[in-house]
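Below you'll find the structure, written out as structure tokens, and then a few comments.
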Amino acid sequence: FQRVRDLLKCGRVAIGGETDECDRYIAPTVLVDVKAWEPIMQEEVFGPILPIFTVKDLEEAIQFINCGERPLAAYAFSCDCKVVNRVLDCVSSGGFCGNDTITQATLVTLPLGGI
């Protein structure tokens, strides 16, 4: 609880951010103005926090992802299937979803747990 709650100090809370230590509750939260070096961007969150990190284009996003440790999961959302396929081709992660967030977890034939 403490570790995840401390991540709320990164960036600025756009929505959510409420916590209750007695109930060990953290409201679903969106953070904006997050910096690349902040802890929320350096470790897996495993909590109800979504950091928004702004990049200028797709190539900068791919470069940012690839300069760190391989993520457990990667997601790409676009109306252009070429964009989704570029992320799939250029990013190595434990799981990948294009225009989706859960399908990989429902497929029992896929391994679970990273790379």
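Output the relative contact order of the chain, whole-number percent, from Cα pairs under 8 angstrom with separation of 6+ residues. Worked out over the chain, it gives 17 percent.
For the range 1-92, give the share of DSSP beta bridges that are antiparallel, in percent and rounded to the nearest 5; count only bridges with both residues there. Around 60 percent antiparallel, to the nearest 5. Between helix 81-90 and the chain there is an angle of about 80 degrees, using the helix long axis and the longest principal axis of the Cα atoms. Between Asp23 and Glu44, the C-beta separation translates, for a Förster distance of 30 Å, into a calculated FRET efficiency of about 0.85. Among Cys97, Cys81, Cys22, the order by Cβ neighbours within 10 angstrom, fewest to most, reads Cys22, Cys81, Cys97. Per-residue extension of 0.36 nm, minus the Cα-Cα distance of Phe53 and Ser92, leaves a gain of 12.1 nm for this segment. For the chain, a Kirkwood hydrodynamic radius built from all Cα pairs, placed in the Stokes-Einstein relation at 25 °C and 0.890 mPa s, yields a translational diffusion coefficient of 158 µm²/s. Once the Cβ-Cβ distance of Ala36 and Phe77 is raised to the sixth power relative to R0 = 22 Å, the FRET efficiency obtained is 0.60.
For the chain, leaving out every one of the trypsin sites (Lys or Arg not before Pro) that falls in a DSSP loop and has at most 14 other Cβ atoms within 10 Å, the longest unbroken run is 57-115.
Here, each number is a calculation from the coordinates, and none is a lab measurement. Only a predicted model underlies this, so the values are computations on that prediction, with no experimental measurement involved. FYI the Cβ positions are ideal-geometry reconstructions off the backbone, even for glycines, and counts take in every protein chain you see.
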